[in-house]
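Each value in this text was obtained by applying a stated rule to the coordinates, not by laboratory testing. Here the structure is a predicted model, which is why all the values come from computation and not from measurement. For neighbour counting, all protein chains shown are included, and Cβ atoms are generated from backbone atoms with ideal geometry for every residue, glycine included.
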Amino acid sequence: MSYGLLGTQPPVKHKVFVSFHHGGDQPYYDAFSTTFHDTYESIFDNSLERRVDSDDVNYVRRRIRESYIKGSSCTIVLVGAQTWGRKYVDWEIDATLEMGHALIGVRLPTAPVSEGKVIVPDRLHDNIVSGYALWENWARVTSNAVQLDAFVAAAKQKGQNLINNTRGRRLRNA
């Protein structure tokens, strides 16, 4: 169907940024990207560890905000076995919160459990507890595009007064 002939526009697609541990959860990102490439305008695969060659924390944080988070409306954090201890994941969540963007944590099947609780990045945990971030599991998020769309819409409706971004930044990987 040609949208121009009828004067209608294609549906608006959400822009999302996907944050994940590239060394451990790349297959889940690949599956996510493949599943939703028609639904979302941009699903970013910008591994900061490969693309930002600097030890200057302020420069890296600025690059995260300006080059990766800006232009998206929601950050989806894929939480796997080692995500909790990755500094760039923490910085991506920090930048997301600074910009007031929606935040969704997604529990991968590989996510570690301690005393019956999933171990997530501290800054994500703060915002799940405050009610700002949504916390969902992999199967529910990837069940279909309509379901994911509903999660993104719900996350975008959260009041920015719920944001908890008071924690100090992680300075190194665990």
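Counting only residues 5 or more places away or on other chains, whose amide H sits under 5 Å from the amide H of GLY105 once H atoms are built in the peptide plane?
VAL77, LEU134, TRP135, GLU136
Based on the alpha-carbon gyration tensor of region 10-160 and its eigenvalue square roots a ≥ b ≥ c, which shape applies: rounded if a/c is under 1.5, prolate if not and a/b is larger than b/c, or oblate?
Rounded, because the longest to shortest axis ratio a/c is under 1.5.
Hey, what do the phi angles of region 99-108 turn into as Karplus ³J(HN,Hα) couplings, whole Hz, using 6.51/-1.76/1.60 and θ = phi - 60°, x for Gly and Pro?
8, x, 7, 5, 9, 10, x, 10, 6, 7
Quick query: amide H of VAL18 versus all other amide H atoms, modeled in the peptide plane; which residues come in under 5 Å with a sequence gap of 5 or more or a different chain?
Those lying under 5 Å, H to H, from VAL18 are PHE44, ILE76.
Of the cross-linked pairs LYS15/LYS117; LYS15/LYS158; LYS15/LYS156; LYS87/LYS117; LYS70/LYS156, which ones have a Cα-Cα span greater than 23 Å in the structure shown?
On the way: LYS15/LYS117 30 Å; LYS15/LYS158 17 Å; LYS15/LYS156 12 Å; LYS87/LYS117 21 Å; LYS70/LYS156 15 Å.
Pairs exceeding the cut-off: LYS15/LYS117.
Of all DSSP beta bridges located in region 10-160, what percent are antiparallel, nearest 5? All intermediate terms of the calculation are to be shown ahead of the outcome.
Values: 2 of 19 bridges.
Percentage antiparallel, nearest 5: 10.
Using mean Cβ contacts within 10 Å as the protection proxy, how do 165-173, 19-27, 84-92 order, highest first?
The densest-packed peptide leads the list: 84-92, 19-27, 165-173.
State to the nearest 20 debye the size of the charge dipole of region 10-160 about its Cα centre, where the only charges are +1 on K and R beta carbons and -1 on D and E beta carbons. Could the numbers behind the result be given before it?
Details: 17 positive and 19 negative charges, 55 e Å.
Using Cβ point charges on Lys, Arg, Asp and Glu, region 10-160 gives about 260 debye.
Which of the peptides 119-126, 141-148 is most tightly packed, and how do the rest follow, going by the mean number of other Cβ atoms within 10 Å of each residue?
Top to bottom by mean Cβ count within 10 Å: 119-126, 141-148.
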